[in-house]
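Asks: There's a structure below that I have some questions on.
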Amino acid sequence: MENCRVCNNKLVFDEKLTYNLGKNEKIYVCKKCKTYFINPEPFSYDDGEEDLLNYYKDRESGTMERLDGIFKKFITINSIGKCALDIGASMGYSGIIAKQFNLDYVGIEPNKILFENAINNFNVNVVNDYFPSDKVSGKFDFIILDNVLEHVYDPKEFFDRVIQWLNPGGVLFLAVPPQDWLRVSLSTNKLIQNAPEAISRRFTMFYDLQQHVNYFSSSSIECLVSNHKNLKIIEQFHRKAWALQIYKLLNITTGQYFIQKDYN
């Protein structure tokens, strides 16, 4: 496999993780930035099935609550922000919350079923396309990149393009499946691996192996940000403040970050 697609360091085949997972995929790790790579090609979401709608509908209440917390934090960090972009807008929930904050909003969603739901059921401004899209122009004060980067084959190139769409003083919310020392340990635990999906998915980082290309640590995100002198990580996020304190105490990551571009 080629070098790390985050920091360009040499990758190492992780025999233990590959063996314990019992999957056909081979797992590689970058020892420098602690990014894991699984599949050679990203999964296509162009033609998702109807049950994809049910997946999001079952999580609607929690999703709306989480998005409300994200937008409140956006405004706290940049009180003069006026426009928001959601890359991977799915059902269009973020558009509903953006309206409540009187923000100009546009979403980009490649899946046709999710796109049609956003347009027809929620009447939010979403385009059916991949990022970057010729259907969207300008720059934005707030950008949401929520559980997208793990699906992208070249995360550094994708991240760098996203930053180009961010206004000075703008804020990026970046969320990825979290990876840290605890989850690596749990991912090799047979009890966790053999548990029902509702349990194993919560405790192991290696799930959705047919869809996820990359698994990022805090070091991975810091490396992506460090390539831009005008960027800084403001803080990690969890919709429950008490849970965030526990994450900090255990030195594990939520996988959710607020990143700001300097005004100058």
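The values are calculated or read from the model by the stated rules, or taken from the named source; none is laboratory data. All of these numbers come straight from a predicted model, not from anything done at the bench. Heavy atoms of the whole protein, side chains included, go into the accessibility calculation; ligands, DNA and RNA do not. Shrake-Rupley method; radii C 1.70, N 1.55, O 1.52, S 1.80 Å.
Asks: Within the accessible area of the stretch 94-191, what % is carbon and sulfur when the probe is 1.4 Å and the other protein chains stay in place?
Replies: Reported share for carbon and sulfur atoms: 49 percent.
Asks: Determine the gain in length on full extension of the stretch Leu249-Ala195; use 0.36 nm per residue of separation and subtract their C-alpha separation, reporting nm with one decimal. Write down the numbers at each step before the final one.
Replies: Working: separation 54, 0.36 × 54 = 19.44 nm, distance 2.65 nm.
Length difference between fully extended and current span is 16.8 nm.
Asks: Continuing with this model, one more query. Below 8 Å between Cα atoms, with a sequence gap of 6+, how large is the relative contact order for the chain in percent?
Replies: 20
Asks: Within the set Lys16/Lys57; Lys57/Lys240; Lys72/Lys190; Lys26/Lys190, which residue pairs have Cα atoms separated by over 29 Å? List each step's numbers first, then the result.
Replies: Working: Lys16/Lys57 37 Å; Lys57/Lys240 21 Å; Lys72/Lys190 40 Å; Lys26/Lys190 18 Å.
From the list (Lys16/Lys57; Lys57/Lys240; Lys72/Lys190; Lys26/Lys190), the Cα-Cα distance tops 29 Å for Lys16/Lys57; Lys72/Lys190.
Asks: Spelling out what I want: for every residue of the stretch 168-174, take phi, set θ = phi - 60°, compute 6.51 cos²θ - 1.76 cosθ + 1.60 (Karplus), and round to whole Hz; glycine and proline get x.
Replies: Result, rounded to whole Hz: x, x, x, 10, 9, 9, 10.
Asks: For Glu235, list long-range residues whose amide hydrogen, built 1.01 Å from N in the peptide plane, is under 5 Å from its own amide hydrogen.
Replies: Under 5 Å from the amide H of Glu235: Phe258.
Asks: Something else about it: Among Ser219, Ser133, Ser61, what's the order by accessible area (1.4 angstrom probe), most exposed first? If you can, show how the numbers build up before the last one.
Replies: Values: Ser219 50, Ser133 5, Ser61 95 Å².
From most accessible down to least: Ser61, Ser219, Ser133.
Asks: Something else now. Only Cα pairs within less than 10 Å get springs; with that Gaussian network setup on the chain, which residue of Phe173, Phe158, Phe115 has the largest fluctuation?
Replies: Answer for the Gaussian network model of the chain: Phe158.
Asks: How large is the accessible surface per residue of the stretch 113-209, computed with a 1.4 Å probe and reported in Å² as a whole number?
Replies: 46
Asks: Let me ask you something else. Between Val148 and residues 5 or more places away or on another chain, which pairs have amide H atoms under 5 Å apart, with H built 1.01 Å from N, and which residues are they?
Replies: Result for Val148 returns Ala175.
Asks: Show me, for the stretch 4-16, the HN-Hα J-couplings you get by feeding each phi into the Karplus relation (A = 6.51, B = -1.76, C = 1.60, θ = phi - 60°), rounded to Hz, glycine and proline as x.
Replies: Each residue of the stretch 4-16 in turn: 4, 8, 10, 10, 6, 7, 5, 8, 10, 5, 9, 5, 5 Hz.
Asks: Right, next: Gly169's amide H: which non-local residues (gap 5+, or another chain) put their own amide H closer than 5 Å, with H modeled 1.01 Å from N in plane and none for Pro or chain starts?
Replies: Residues meeting the amide H criterion: Lys261, Asp262, Tyr263.
Asks: Heavy atoms only, probe 1.4 angstrom, no DNA, RNA or ligands counted: give me Lys229, Lys31 ranked by accessible area, highest first.
Replies: Accessible-area ranking of Lys229, Lys31, largest first: Lys229, Lys31.
Asks: Could you give each residue of the stretch 235-241 its phi-based ³J(HN,Hα) in whole Hz, using Karplus coefficients 6.51, -1.76, 1.60 with θ = phi - 60°, and x for Gly or Pro?
Replies: Couplings: 5, 8, 10, 8, 5, 10, 4 Hz.
Asks: A further question follows. Which pairs, out of Lys73/Lys99; Lys82/Lys232; Lys10/Lys229; Lys10/Lys34; Lys73/Lys156; Lys73/Lys232, put more than 19 Å between their alpha-carbon atoms?
Replies: Violating the 19 Å Cα-Cα cut-off are Lys82/Lys232; Lys10/Lys229; Lys73/Lys156.
Asks: Now, a different point. Under a straight-distance cross-link criterion of Cα-Cα below 15 Å, which aspartates and glutamates are reachable from Lys31, leaving out those fewer than 8 residues away in the same chain?
Replies: Glu2, Asp14, Glu15, Asp180, Glu222
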